[in-house]
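Notes for the one structure printed next.
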Amino acid sequence: MNTNNKQVVETLVGNDGARFRDATLERVVDRYGEDDSVARRLADRNDLPVTIVEQLVSAVSDELRSYLVKRHDMTPADAAQLMQESRERAVVNLIDGVSADDLPKLVSQLASNGRLTPTLILRALCMGEMRFFEAAMSHLTDLPAGKSWSLIHDEGPLGLKAIFARAHMPQVLLPAFRAAIGIYREMDYTGAVNDRQRFRLLMLERLLTSYEELEADDLDFLLARMSRLSDSVRIEASA
């Protein structure tokens with residue numbers, strides 16, 4: 001789609017019968033992702049790949065960040081934190097429907113754009129998305145999938161600790177990951193609706209036990225507080 005005419009692009013992507021390569025859609029998002037009219041037509045397409053959806057979510061979030069800073073007199077740091085949490089929730093909502101073939105592509109794209117954050121990985125795991133966690137750790141450690149799987153699911157105390165260190169994940173989050181994996185194993189998790197809700201409730205209980213200095217009655221709110229805790233520990237360590 002080699003045109004700089006926004007109206008032409010808007011019309012073409014709005015035609016659900018038209019077929020585009022992923023690379024073409026990526027160029028559209030790069031150029032027009034923050035434009036509401038183009039972004040809305042892209043979002044309405046039935047064949048939109050998950051990697052393009054993730055890019056689109058991020059582009060719109062950048063626009064919202066600017067709006068929040070101006071409209072509500074927020075600091076850029078506060079707005080960036082809020083948008084990161086919003087973006088991570090949106091990405092986690094995408095993961096459930098991603099095929100096994102597309103999952104590594106999504107993980108790779110997130111990593112290349114600096115969005116494969118420890119808190120995104122934790123948020124996904126707290127929703128029971130074990131496949132995403134396994135793919136993310138394999139990518140971050142550059143280990144074969146089988147080897148990383150063995151370390152993650154090692155029932156002893158060393159396997160998860162070892163892969164955590166190799167992936168350069170913040171140690172303050174290790175108890176949370178260990179709790180999530182424990183619940184996953186205990187529940188024989190299947191991903192059914194009842195499983196997901198029960199998993200969230202159990203995660204909230206376990207995390208409040210593991211991090212007694214944090215208080216919350218909602219898992220999303222608790223994860224947001226843990227994100228700030230992780231950032232503060234990282235900043236202190238670098239200082």
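The values are calculated or read from the model by the stated rules, or taken from the named source; none is laboratory data. Just so it is clear, the structure is predicted and the values come from calculations on it, not from any experiment. Backbone-built Cβ (ideal geometry, glycine too); neighbour counts: all protein chains shown. Side chains included, ligands, DNA and RNA excluded: accessible areas come from the protein's heavy atoms. Shrake-Rupley method; radii C 1.70, N 1.55, O 1.52, S 1.80 Å.
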Next on the checklist: Please list 3J(HN,Hα) in residue order for region 170-184, calculated via the Karplus relation 6.51 cos²θ - 1.76 cosθ + 1.60 where θ = phi - 60°; whole Hz, with x for glycine and proline.
Outcome noted: x, 4, 5, 8, 4, x, 5, 5, 5, 5, 5, 5, x, 5, 4
Checklist outcome for this item: Residues whose built amide H sits under 5 Å from the amide H of Asp154, excluding neighbours closer than 5 in sequence, are Leu160
Checklist entry - How much accessible area does Ser112 have with a 1.4 Å probe, in Å² rounded to the nearest 10? => result 90
Checklist entry - How do Asp142, Asp96 rank by accessible surface area computed with a 1.4 Å probe, from largest to smallest? => result Asp142, Asp96
Checklist entry - In square angstrom, rounded to the nearest 10, how much accessible surface does Asp35 have for a 1.4 Å probe? => result 40
Checklist entry - Leaving out ligands, DNA and RNA but keeping every protein chain, what accessible area does Val98 have, in Å² rounded to the nearest 10, with a 1.4 Å probe? => result 10
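For region 130-211, state which GluC sites (Glu not before Pro) are in a DSSP loop and have at most 15 other beta carbons lying within 10 Å of their beta carbon.
Within region 130-211, the qualifying GluC sites (Glu not before Pro) (loop, at most 15 other Cβ atoms within 10 Å) are Glu155.
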Checklist entry - With every protein chain kept in the model, how would you rank Thr209, Thr141 by accessible area, 1.4 Å probe, largest at the top? => result Thr209, Thr141
Checklist entry - Accessible area, 1.4 Å probe, largest first: how do Leu158, Leu223 sort? => result Leu158, Leu223
Checklist entry - In Å², what does the accessible area per residue of region 139-186 work out to with a 1.4 Å probe? => result 53
Checklist outcome for this item: A correct Karplus calculation of ³J(HN,Hα) over region 118-128, with 6.51 cos²θ - 1.76 cosθ + 1.60, θ = phi - 60°, whole Hz and x for Gly and Pro, returns x, 6, 5, 4, 5, 4, 5, 5, 5, 8, x
